[in-house]
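Just below is one structure, and these are the notes that go with it.
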Amino acid sequence: MSATERNSPLSPAGDGKGIWLSTLEKGAKVLQDPAPLTKFDVYVAGFHPAKDDPTMQMEAHHYCRVVNDDFIQAALFDGNTPEANLIGIEYIVSEQLFGSLPVEERSYWHPHNFEVLSGQLIAPGCPPSRRRR
């Protein structure tokens, strides 16, 4: 394991894969195209503070599909190895798009300003950004 790999801290409940599911999985790898998932090609990792309790944080690995300048879809995992567990789905929207949401829906969203501006959100494997002064 390289220094950049982060194993999942948890194993899902349940028994191992049986012969039927193992065979189905192998067949799917050979015969099926994971087309929608191939667009999830942007990877960033950071800590997510809980909306109502910022002192409670969890590591989240975001595999993102940039739809456009206003909309990103992200699948969140607790690690970045093949054994990582899916822990959430996020939609990241611009301020403009957020402002167009119904007021009652806005309470279900959280800002990402802290993650981005604090420097806690990183793009593993990419060189650090150089800001123009």
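Within region 79-100, track down each residue that is among the small types (Gly, Ala, Ser) and either part of a loop (DSSP other than H, G, I, E, B) or touching a Pro at 6+ places or on another chain (Cβ under 6 Å) (or both).
Correct list: Gly79, Ala84, Ser94, Ser100.
Out of Leu76, Leu24, which single residue is aliphatic (A, V, I, L, M), part of a helix (DSSP H, G or I) and either closer than 21 Å to Leu117 by Cα or at pLDDT 90 or above (or both)?
Result: Leu24 is the single residue among Leu76, Leu24 that is aliphatic (A, V, I, L, M), part of a helix (DSSP H, G or I) and either closer than 21 Å to Leu117 by Cα or at pLDDT 90 or above (or both).
I'm trying to understand the selection: among the residues of region 20-65, which are of a type outside the set (A, V, I, L, M), surrounded by 11 or more Cβ atoms within 10 Å (Cβ to Cβ) and within 16 Å of Leu121 (Cα to Cα)?
Of everything in region 20-65, those that are of a type outside the set (A, V, I, L, M), surrounded by 11 or more Cβ atoms within 10 Å (Cβ to Cβ) and within 16 Å of Leu121 (Cα to Cα) turn out to be Tyr43, Gly46, Phe47, His48, Pro49, Gln57, Glu59, His61, His62, Tyr63, Cys64.
Looking only at region 101-133, filter to residues that are closer than 19 Å to Tyr43 by Cα and assigned to a helix (DSSP H, G or I); which one of those is modelled with the highest pLDDT?
Leu117
Determine whether Gly16 is more than 16 Å from Pro124 (Cα to Cα), loosely packed, with under 10 Cβ neighbours inside 10 Å and either under 16 Å from the mean Cα position of the chain (by Cα) or among the small types (Gly, Ala, Ser) (or both).
Answer is yes for this residue.
Could you check how many residues of region 78-133 are of a type in the set (Val, Ile, Thr) and surrounded by fewer than 10 Cβ atoms within 10 Å (Cβ to Cβ)?
Taking region 78-133 as the starting set, the residues that turn out to be of a type in the set (Val, Ile, Thr) are 81, 87, 89, 92-93, 103, 116, 122.
In the following step, the residues that additionally are surrounded by fewer than 10 Cβ atoms within 10 Å (Cβ to Cβ) were identified as 89, 103.
Going through region 78-133 one residue at a time, the tally reaches 2.
The values are calculated or read from the model by the stated rules, or taken from the named source; none is laboratory data. Predicted, not measured: the structure shown is a model, and the values here were computed from it. Neighbour counts are summed over all protein chains in view; Cβ atoms, including those assigned to glycine, are modelled from backbone coordinates with ideal geometry.
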